[in-house]
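Rule-based calculations on the coordinates, nothing more; no lab input. The shown structure was predicted, so the numbers you read here are calculated from the model rather than taken from an experiment. Positions of Cβ are backbone-derived with ideal geometry, glycine not excepted, and every protein chain shown enters the neighbour counts.
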Amino acid sequence: MGQTLTEKILAKHAGKPSVRAGDNIWVSVDILMTHDVCGPGTIGVFKENFGPAARVWDPERVIIIPDHYIFTADKMAHRNIDILRAFVREQGIKYYYDPDFIQGEGMPSPYKDPTQTSYKGVCHKTLPEEGHVRPGEILLGTDSHTCTAGAFGQFATGIGNTDAGFVLGTGKLWLKVPPTMKFVFHGQIPPYLTAKDLILAVIGRISVSGATYKAMHFTGEGIASLTLEDRMTLTNMAIEAGGKNGVCDVDEKTLRYVKARSNRARWEVFTDDADAKFDAVHAWDLAHLEPLVAKPHSPDNIETARNCQGTRIDRAYLGSCTGGKITDMIFAAAVLNGRQVSVPTFVVPGSTEVHADMLRLNIRGETRANGEKSVMDVLKDAGCTIGPSGCAACLGGPADTFGRLNQPMACISTTNRNFPGRMGHRDAGVYLASPLTVAASAVTGRVTDPRDYISAPIPTGTAGVV
Ligand code: SF4
């Protein structure tokens, strides 16, 4: 019997000719990523179990990306950065993206120029930008949305601090091979949909536990028609259905990006065998899919945007690893160009590179000409408030976090979770939606179907291509 794409990656890293769903195997890890929230705990586990003088298994394969609690005066958040800095110095970690503007106490002043800081922003956006994702590899991270990197045809999953401490010391992990569910999208992506609608359709159908410990493989010509960045939105939210990992097929878009960015020259592309066995197969025709919203307080509480029309919102939020990519910003700008938001609308670039691209590109995703408006100009002119890159209010954070929901209110957001308290106040209600739906709703102050504003394809040009 044949193997799935995920089984083949795991078999290779276990040094076996084949594995089956349910097998328990030792795998060699290509990359371990941690950040400011889980890094200190992971380091603590590592030191406690391997000894105070222990060395990490490979300082070039441990990637540390502070991103969660950055623009805050919170002393504990700053202490975490200090712990990471000391560990990086001690271990000679090669890839560490320091928030160099955090010096001393109080609220740090954000970087002045997004191209002139070692800080990057959200880890899942930074990993591919900085060349740390490749097809066929295993990437583990101390963050549940590490599955995002599966968009590049690799096995990527989140692990806890204890497992990560073990990986730090050994470069290996004991894993159970997940069975694979296939999600097939037929047709081309219509102009009024983004990958956010597709993943909400999946979660709405199978529920937040429908893919528990399973590989979620997104495929079909509909996925091929998505930008690479939009595929990252799909795999990012695999964990919202309980998935062990999310993965997409590798194509020319993937190879072009990885060839341009990867800091290692060799990788291997895997595909399903023709006789591979799947746990389940679900299919959609994109011509019949409508813009969707996940209502409070669960990502599987799905309704069409049209059926939510009229639901009042107090705030809109564009950002996070799910919806803070440059193509997400272009989608929002396509709706907001020449219009005004009617509710406070907070925009957080997913990375400093996204921030720089918002200044560099026009709303067609091309380098803007002299005098032409940038994506940033369009969003600012529409009345949006733009913050520095990072996780910001996606997970609430300290009370002084940009865009945090500090009162009970209704917010429509491009983020990935809407459990009570996720974005701040536990009585706030969060509606998860695509950047198109969020932008359309920001204009009207009510949940709004983006088909009221978008009918023609939105060009994204060079944005996020390499
Ligand atoms: S942006 Fe949100 S979901 Fe993504 S890593 Fe940060 S807190 Fe997690």
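A compact table of results
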read-out: Orientation-averaged projected area, Cα convex hull of the chain (nm²); value: 20.2 nm²
read-out: Cα→Cβ-extended label distance, 7 Å offset, between Asp381 and Glu252, nm; value: 3.4 nm
read-out: Residues Lys112, Lys172 arranged by fewest to most Cβ contacts within 10 Å; value: Lys112, Lys172
read-out: Equivalent-ellipsoid semi-axes of the stretch 1-159, from the Cα gyration tensor, Å, largest first; value: 32, 18, 12
read-out: The stretch 199-294: trypsin sites (Lys or Arg not before Pro) in DSSP coil with no more than 11 other Cβ atoms inside 10 Å; value: Arg266
read-out: Scattering profile of the stretch 291-452 at q = 0.14, 0.19 Å⁻¹ [log10 I(q)/I(0), Debye over alpha-carbon scatterers]; value: -0.61, -1.11
read-out: Selected from Val19, Thr42, Val62, residue furthest toward positive end of dipole (the stretch 1-156; charges at beta carbon); value: Val19
read-out: For the chain: relative contact order, % (alpha-carbon pairs under 8 angstrom, 6 or more apart); value: 18 percent
read-out: Three-way shape call for the stretch 234-315 based on the alpha-carbon gyration tensor, with the a/c threshold at 1.5; value: prolate
read-out: Nonlocal amide H pairs with Glu366, under 5 Å, H built at 1.01 Å; value: Thr462
read-out: Distance between modelled label sites at Met1 and Lys112, nm, 7 Å Cα→Cβ extension; value: 6.3 nm
read-out: Full-stretch length increase - His282, Glu105 - with 0.36 nm per residue and alpha-carbon distance subtracted; value: 58.6 nm
read-out: Extension gain, Asp23 back to Ala54 (0.36 nm per residue minus Cα-Cα distance, nm); value: 8.1 nm
read-out: Extended-chain gain in nm, criterion 0.36 nm per residue less alpha-carbon gap, His186 and Thr462; value: 96.8 nm
read-out: Rounded if a/c under 1.5, otherwise prolate or oblate - the stretch 18-111, Cα gyration tensor axes; value: prolate
read-out: Taking Cys147, Cys384 and counting other C-beta atoms within 10 Å, the order from fewest to most; value: Cys384, Cys147
read-out: Cβ-based net charge around Ser342, under 13 Å, with every Lys or Arg adding one and every Asp or Glu removing one; value: +3
read-out: Cα-based reach from Lys47 at 15 Å (exclusive), listing aspartates and glutamates while leaving out same-chain residues under 8 positions away; value: Glu90, Asp163
read-out: Cα gyration tensor shape for the stretch 258-299, rounded if a/c is under 1.5, else prolate or oblate; value: oblate
read-out: Rel. contact order, % - alpha carbon contacts under 8 angstrom, at least six apart, the stretch 5-283; value: 23 percent
read-out: Projected label distance in nm at Asn307 and Asp427, using a 7 Å step from Cα toward the beta-carbon; value: 2.8 nm
read-out: When each of Lys125/Lys172; Lys12/Lys214; Lys125/Lys196; Lys172/Lys244; Lys253/Lys325 is checked by Cα-Cα distance, pairs over 22 Å; value: Lys125/Lys172
read-out: Ranked by how many other beta carbons lie within 10 Å on average, peptides 207-213, 38-44 from highest; value: 38-44, 207-213
read-out: Kirkwood estimate for the stretch 5-283, i.e. one over the average of 1/r between Cα atoms, Å; value: 19.4 Å
read-out: Exposure proxy ranking, count of Cβ atoms within 10 Å, fewest first, for Phe166, Phe46, Phe278, Phe218; value: Phe278, Phe166, Phe46, Phe218
read-out: Sites Ala224 and Phe419 - FRET efficiency at Förster radius 51 Å, r taken between beta-carbons, to 0.05; value: 0.95
read-out: Trypsin sites (Lys or Arg not before Pro) restricted to the stretch 1-78 and DSSP loop, no more than 16 other C-beta within 10 Å; value: Arg20, Arg55
